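Right, one structure below, let's go through it.
The values are calculated or read from the model by the stated rules, or taken from the named source; none is laboratory data. Since the structure is predicted, the reported quantities are computational estimates derived from the model, not experimental observations. Glycine gets a Cβ as well: all are built from the backbone with ideal geometry, and neighbour counts include every protein chain shown. The protein model used for the area step is the full one, side chains on, heavy atoms only, and it has no ligands, DNA or RNA in it. Shrake-Rupley method; radii C 1.70, N 1.55, O 1.52, S 1.80 Å.
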Amino acid sequence: MPLHKYPPRIWEALKRKQGIYARLPQHYLKNFEDPTPPTPVHWKALGVKYRANPKTGQRERVQDVPIPVYYPPESQQGLWGGEGWIQGYKYSKDDKLSTRYKKTWKPQLFTREFYSEILDQKFSITVTARTLDLIDAAFGFDFYILKTTKQDLNSKFGMDLKRAMLLRLAQKDLYPEDPERREQVYKRYKQFEIPREEAEWVGLSLEEAVEKQRVLEVKEPEPVFKECVDRLVKEVAILKLTEPKVVEKT
């Protein structure tokens, strides 16, 4: 007899189907539950289950197993381009007959300054060499943030930047003192524009989304004097309609 009615591995999914979790916007839940895996960084996916041995020609099974990667909390405050810490073993002096010991491979980090055209602001961000290559491949910092998916960014800071950029595009309040510059930048990034109602939820964690939904649902108490004033205005309007009009003869 099972100890639980539902297996523990689906508890989180069931929790999001009831209570305030079920009242979250559908576009947020769809993006939050997106099962798309991130692009492999530390290993190459062969994409096949079997392949021929180049020497014998025999069909062999391929061990296409991803390398487990640990993402420290510091990676959420920068842009590491999907890189993380890899833990494994290494032989002493590269001699396989010697004792092996544990080793952690960490990416090389740099602190660089980037300028955002949409936000009109400079940011000092911790990045990796791969992030710099991805930014160059995307033809700019803003394009990299807007084009890269949540799974590949793998950064809370990066998703916060994306939400801020999408809000500026939705509000169309770029460069308020320079209309020509505003129109130029808006045309360049117009393809990424989404409604403001959706942009406000981009990149929020589940806890932040629940708190935002709770604030939206809280109805502030209406003052009594305001209700009395509205009632008085309606009564005066009714009296004016019921009063006979006096018509002067000429």
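Evaluated at 4 °C with a viscosity of 1.567 mPa s, what Stokes-Einstein diffusion coefficient in µm²/s does the chain have when Rh comes from the Kirkwood expression over alpha-carbon pairs?
Answer from the Stokes-Einstein relation: 54 µm²/s.
Output ³J(HN,Hα) for the stretch 197-203: one whole-Hz value per residue in order, computed from phi by the Karplus curve 6.51 cos²θ - 1.76 cosθ + 1.60 with θ = phi - 60°, and x for Gly and Pro.
Going residue by residue, I get 4, 7, 5, 5, 9, 5, x Hz, with x marking Gly and Pro.
Give the distance, in whole Å, between the Cα centre of the stretch 64-125 and the Cα centre of the stretch 160-234.
The stretch 64-125 and the stretch 160-234 have Cα centres separated by 35 Å.
For LYS5 and GLU193 in the same chain, what is the full-extension length gain: residue separation times 0.36 nm, less their Cα-Cα distance, in nm?
Taking LYS5 through GLU193 to full extension adds about 63.3 nm, to one decimal.
For ARG188, tell me the accessible area in Å² from a 1.4 Å probe, rounded to the nearest 10.
90
Taking one equal scatterer on every alpha-carbon of the stretch 170-225, how large is log10 of I(q)/I(0) by Debye at q = 0.16 1/Å?
Treating every Cα as an identical point scatterer, log10 I(q)/I(0) equals -0.71.
Under the √(5λ) rule applied to the eigenvalues of the Cα gyration tensor, what semi-axes describe the equivalent ellipsoid of the stretch 84-146? Give them in Å, descending.
Equivalent ellipsoid of the stretch 84-146: 39, 11, 8 Å, largest first.
Determine which lysines satisfy two conditions relative to LYS15: a Cα distance under 16 Å, and not lying fewer than 8 residues away in the same chain.
Partners within reach: LYS5, LYS30.
Give the accessible surface of the chain per residue, rounded to a whole number of Å², with probe radius 1.4 Å and ligands, DNA and RNA excluded.
The answer is 76 Å² per residue.
Please list PHE110, PHE141, PHE225 from largest to smallest accessible area, probe radius 1.4 Å, with all protein chains kept in place.
PHE225, PHE110, PHE141
For the stretch 115-165, what % of the accessible area comes from carbon and sulfur atoms, probe 1.4 Å?
The nonpolar share, carbon plus sulfur, comes to 55 percent.
For the stretch 121-250, what mean projected area does the convex hull of the alpha carbons give, in nm²?
16.9
Can you give me the distance in nm between label points at TYR50 and GLN63, each placed 7 Å from the Cα along the Cα-to-Cβ direction?
1.9
Give the accessible area for THR56 in Å² (nearest 10); use a 1.4 Å probe, count only protein heavy atoms, and leave out ligands, DNA and RNA.
Counting only protein heavy atoms, THR56 exposes about 90 Å² to solvent.
Quick check on packing: order 36-42, 231-237, 115-121 by the mean number of other C-beta atoms within 10 Å, highest mean leading.
Ranked from most to least packed, the peptides come out as 115-121, 36-42, 231-237.
Add -39500 (n - 2.57) for each DSSP H run of 4 or more in the chain, then divide by its residues: what number comes out at 222 nm, to the nearest 500 deg cm²/dmol?
-10500 deg cm²/dmol
Once phi is turned into θ = phi - 60°, what whole-Hz ³J(HN,Hα) does the Karplus curve with 6.51, -1.76 and 1.60 give for every residue of the stretch 23-28, x standing for Gly and Pro?
For the stretch 23-28, the Karplus-derived couplings read 8, 5, x, 5, 5, 6 Hz, x marking Gly and Pro.
If you build a Gaussian network model of the chain, linking Cα atoms that sit under 10 Å apart, which residue out of ALA138, ALA13, ALA164 swings the most?
Comparing ALA138, ALA13, ALA164 in the GNM, the peak value goes to ALA13.
Using a 1.4 Å probe on the protein heavy atoms only, what accessible surface does LYS156 show? Give it in Å² to the nearest 10.
My reading of the accessible area for LYS156 is about 50 Å².
What distance in nm lies between label points placed 7 Å from Cα along the C-beta direction at ALA170 and LYS234?
Reported label-point gap for ALA170 and LYS234 is 3.4 nm.
Heavy atoms only, 1.4 Å probe, whole protein assembly: order ILE125, ILE20, ILE194, ILE67 by accessible area, highest first.
ILE67, ILE194, ILE20, ILE125
Using just the C-alpha positions of the stretch 1-110 as equal point scatterers, what log10 of I(q)/I(0) does the Debye formula give at each q in 0.14, 0.19 1/Å?
For the requested q values the scattering log ratios are -1.01, -1.14.
Under a plain spin-label model, where a point goes 7 Å from the Cα along Cα-to-Cβ, how far apart in nm are THR104 and SER92?
In this crude label model, THR104 to SER92 measures out at 2.2 nm.
So how tilted is helix 224-242 from the main axis of the chain? Cα-based, degrees 0 to 90, rounded to 10.
Result, in degrees: 40.
Taking the Cα centre of the chain as origin and charging only Cβ (+1 Lys, Arg; -1 Asp, Glu), how large is the dipole, in debye to the nearest 20?
1520
Please name which of GLN171, LEU79, ALA13 has its Cα lying farthest along the dipole of the chain towards the positive end, using unit charges on Cβ (Lys, Arg +1; Asp, Glu -1) and the Cα centre as origin.
Going by the Cα projections, it comes out as ALA13.
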